[in-house]
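Chemist: This is the structure I have questions about; it appears just below.
The values are calculated or read from the model by the stated rules, or taken from the named source; none is laboratory data. All values derive from a computational prediction rather than experimental measurement. Note: ideal-geometry Cβ built from the backbone for every residue, glycine included; neighbour counts use all protein chains shown.
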Amino acid sequence: MNLDELQKQKVAQWIADGLKLSEIQTRIEQDFGLRVTYMEVRFLVDDLKLTPKDPEPAKPVAPVLPAAPVGPPPGPPPAAGLGRVSVSADAIARPGTLASGKVTFSDGEIGDWYLDQAGRLGVAPKNKAYRPSATEVQAFQAELETVLTRLGMS
């Protein structure tokens, strides 16, 4: 593919702006009137010695918690500390997840949770040093099961 210097600079700017190769492929067709394959875009970026930006890394996630027990535990979920564990779901799940949301543990610590496309559950506390107790985890899982049931996912 033969691009002039201005077009090459434009491609370099798109890479710097964080566009994906497929988006660059579309822009080349729209802006330059050239139909190119994805592979040609890859070669062009390589020839220009450009490096696409990696997608924004996911937040560090605490170790995967054990799967929620089948059926809710009898009685109210156990909660340590001052209050109850509360769980909410995002209206739109984070990219790459089936569901995601927020959790507030009974001791006031907060974090994000997600259920990935493989069905694995993860929790990322805002305070990276925080590790919920086994009782907190059990209460979280019970609340999460209730939230997922409301969403039609359980």
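Chemist: Report, ordered by the first and then the second residue, all pairs with beta carbons closer than 7 Å, sequence separation of six or more or different chains, a first member in the range 125-149 that is farther than 12 Å from Ser86 by Cα, and a second member that is among the polar types (S, T, N, Q) and exposed (fewer than 14 other Cβ atoms within 10 Å of the Cβ).
Modeler: That search, which allows pairs on different chains as well, returns Leu148/Ser154.
Chemist: Okay, moving on. Taking Trp14 as meeting all but one of (1) surrounded by 15 or more Cβ atoms within 10 Å (Cβ to Cβ); (2) at pLDDT below 85, write down the number of the exception.
Modeler: (2)
Chemist: So in the range 86-129, with the set limited to residues that are in a strand (DSSP E or B), among the charged types (D, E, K, R) and at pLDDT 90 or above, which one is surrounded by the most Cβ atoms within 10 Å (Cβ to Cβ)?
Modeler: Asp112
Chemist: Filter the range 13-37 down to residues that are within 12 Å of Met1 (Cα to Cα) and aromatic (Phe, Trp, Tyr), then give me how many there are.
Modeler: Counting residues in the range 13-37 that are within 12 Å of Met1 (Cα to Cα) and aromatic (Phe, Trp, Tyr) gives 1.
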